[in-house]
């Protein structure tokens with residue numbers, strides 16, 4: 001990403017409001033093309049390094065458990081931006097299986113399919129059977145509700161969930177909450193959680209200790225990135241108000257097909273790359289949508305996210321370093337935390 005693009009994106013994002021997040025924090029846009037960061041934690045201090053080192057001698061160390069996020073597989077998509085999305089999903093699965101430490105589970109943050117056809121879900125299910133991590137948690141994207149308001153999605157992946165597919169679970173001391181913000185979504189419109197789901201969320205979190213690490217995940221970002229393209233959630237402010245008292249909160253999303261990260265106090269927001277095709281950075285194209293890149297560069301703009309968690313009461317220093325750069329800068333504080341690995345395929 002050029003300096004000019006950085007300036008444009010930073011300015012546009014600074015001008016956005018109503019995302020329910022304190023602007024005293026910092027915002028960092030990482031280039032969509034081939035950027036990777038590995039966060040490892042030791043003694044409560046997370047540090048980042050180039051993805052190439054994930055498989056090195058320190059791989060798999062320093063975490064109590066790990067999980068992988070994949071997003072936006074768009075099975076059934078066949079346009080020039082990626083004529084074989086099943087193959088790139090398989091590449092993601094191969095990379096997951098090659099990890100030196102097997103993740104406890106996989107989270108898929110939506111748009112499993114392109115047109116919510118049963119055959120598309122069949123193809124996805126068949127591919128995911130080959131993943132080393134057998135436990136997979138899903139939330140729907142808008143493409144998973146296109147033809148039938150999510151009936152096929154819920155039949156396959158919604159057992160035991162509430163409403164249009166929201167639910168929560170606990171894993172090794174961390175509380176995970178799956179949210180749905182794509183029901184009744186209008187083309188180009190912002191996501192919405194709705195009153196019923198928000199009431200459920202408040203009740204789900206009520207009574208939990210403030211020291212419990214919280215992970216929220218949904219398809220559309222829970223912070224406003226670019227409203228002109230619908231990249232945000234209208235009622236996220238209320239949802240985020242329920243997690244303000246917790247010492248460690250991580251929010252995982254998909255939808256925008258590129259890495260963006262924002263850390264506000266004890267809340268870390270993270271969007272994932274797609275396994276299918278990239279989209280333009282906000283404000284750099286007339287509209288959002290599949291972006292064609294040269295065939296030999298496609299796998300460099302697709303990726304997965306590996307997350308390692310380490311229980312700690314120590315303060316955190318957030319260390320960012322660009323791919324292949326030994327320099328870093330640190331800021332931030334909190335309790336406990338997540339280590340995030342953004343892996344590009346190339």
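For region 114-273, the percent of C-alpha pairs falling in each 5 Å distance bin, counted from 0 to the bin holding the largest distance, reads 2, 9, 18, 21, 22, 16, 10, 4, 0.
Divided by 2.2 N^0.38 Å, where N counts the residues, the Cα radius of gyration of region 103-155 comes to 1.12.
For region 189-244, the alpha carbon convex hull comes to 76 Å³ per residue, rounded to a whole number. In terms of the mean number of neighbouring beta-carbon atoms within 10 Å, the peptides 187-194, 234-241, 202-209 order highest first as 234-241, 187-194, 202-209.
With all pairs of separate Cα atoms included, region 116-198 yields a Kirkwood hydrodynamic radius of 14.0 Å. Contact order, relative form, for region 106-178: 32 percent (alpha carbon pairs under 8 Å, 6 or more residues apart, mean separation divided by residue count). Binning all Cα-Cα separations of region 249-288 at 10 Å, short to long from zero, yields these whole-percent fractions: 30, 45, 22, 2.
In the distance distribution for region 179-272, Cα-Cα pairs more than 22 Å apart total 24 percent.
Only the coordinates and a few stated rules stand behind these numbers; no lab work does. Because the structure is a prediction, the values reported are computed rather than measured. Methodologically, a virtual Cβ is constructed for each residue, glycine included, from the backbone with ideal geometry; neighbour enumeration extends over all protein chains shown.
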